[in-house]
1. Largest first, how would V93, V219 line up by accessible area (1.4 Å probe)?
2. Calculate, in nm to one decimal, what F108 and V79 gain on full extension: separation in residues at 0.36 nm each, minus their alpha carbon distance.
3. Averaged per residue, what accessible area in Å² does segment 92-174 show with a 1.4 Å probe, protein chains only?
4. Find how much the distance from T167 to A41 grows on full extension, using 0.36 nm per residue of separation minus their present alpha carbon separation; answer in nm with one decimal.
5. How long are the semi-axes of the equivalent ellipsoid of segment 80-186, defined as square roots of 5 times the Cα gyration tensor eigenvalues? Whole Å, largest first.
6. Points 7 angstrom from Cα along the Cβ direction at R149 and A67: gap in nanometres?
7. Carbon and sulfur: what percent of segment 40-173's accessible surface (1.4 Å probe)?
8. Using a 7 Å offset from Cα along Cα-Cβ at A236, what residues in segment 185-199 end up with backbone N under 19 Å from the label point?
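The values are calculated or read from the model by the stated rules, or taken from the named source; none is laboratory data. All of these numbers come straight from a predicted model, not from anything done at the bench. Ideal geometry is used to build each Cβ from the backbone, glycine not excepted, and the neighbour counts take in all protein chains shown. Quick note on the areas: whole protein, heavy atoms, side chains included, nothing else; ligands and nucleic acids left out. Shrake-Rupley method; radii C 1.70, N 1.55, O 1.52, S 1.80 Å.
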Amino acid sequence: MSTGLIGAAASALASALTSAPEARGAEGYAALREAWQWLTAASSWTGDAAIPHRVAEHLGYTALAMAFAVVIGVGLGMVVGHTGRGRAAVLGVSGVLRAMPTLGLLTFLALVIPAGVTVALIPATIVLVILAVPPVLAATASGFAAVDRATVDAARAVGYSTGQVVTAVEIPLALPVLIGGVRSAWLQVLATATVAAYLGLGGLGRYLLDALAVRDYGVMLGSAIVVAVVSLLTDAIFALAQRIVTPRGVAVGARRATLDLDGDGEVR
């Protein structure tokens, strides 16, 4: 799937800056200056259309889609990873869903779903969920499949039930990989959530769509910068969470494997 408005805005901005080579430097500087002026203007940070308000809307759309995607992706991934059945089929279907065009699917759903236009949040959320499920599903299934079978057998040997094996052994060991999948999905959805503006919703895509209509490259660049900053900040949070949930033994083992470069079992 494409990142929608960000890609369209980037294409328009690049076209404008390269259309006249002799003016490319001046136009690029002007766009940067206008973006800085927009970002630092007091009017950009107050009111219903202020940057904080749009960021909150954008994060809301992303969080809503991710909540559904985590329930679906983690649920299916746990079943596939624990049983080992249907892995190729499920991951193949999820890969096809990931390749579907964002704007085309959004337009199609808005037209075929009852109230899809008047309640634009429904088709927008469905599109973002379809985008987010594959990485979450793949990461969950891979995390569960990577759990050492000897560890699972040992848990069963001491009397663990299937539910206890899943909750006390497989989930903790698979959690770092699972969080990595959620992290990847979050970043994809966060970037793509700008397409919600096509159906009249808010979020940071509102700036991109409105600025693209009047070729206001300063606002386009500024809003793209805001999306990038929000993405980096939330990615740092997920990276910290991924580090925190990694069991100490797994982290130590990974560190030793990294240091054991020649594979002779000795850490240097």
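1. Solvent-accessible surface, decreasing: V93, V219.
2. Additional length available on full extension: 7.3 nm.
3. The answer is 46 Å² per residue.
4. 40.3 nm
5. Semi-axes, largest first: 36, 13, 12 Å.
6. 4.0 nm
7. Carbon and sulfur atoms account for 72 percent of the accessible area of segment 40-173.
8. Residues passing the 19 Å test: 186-188, 190-191.
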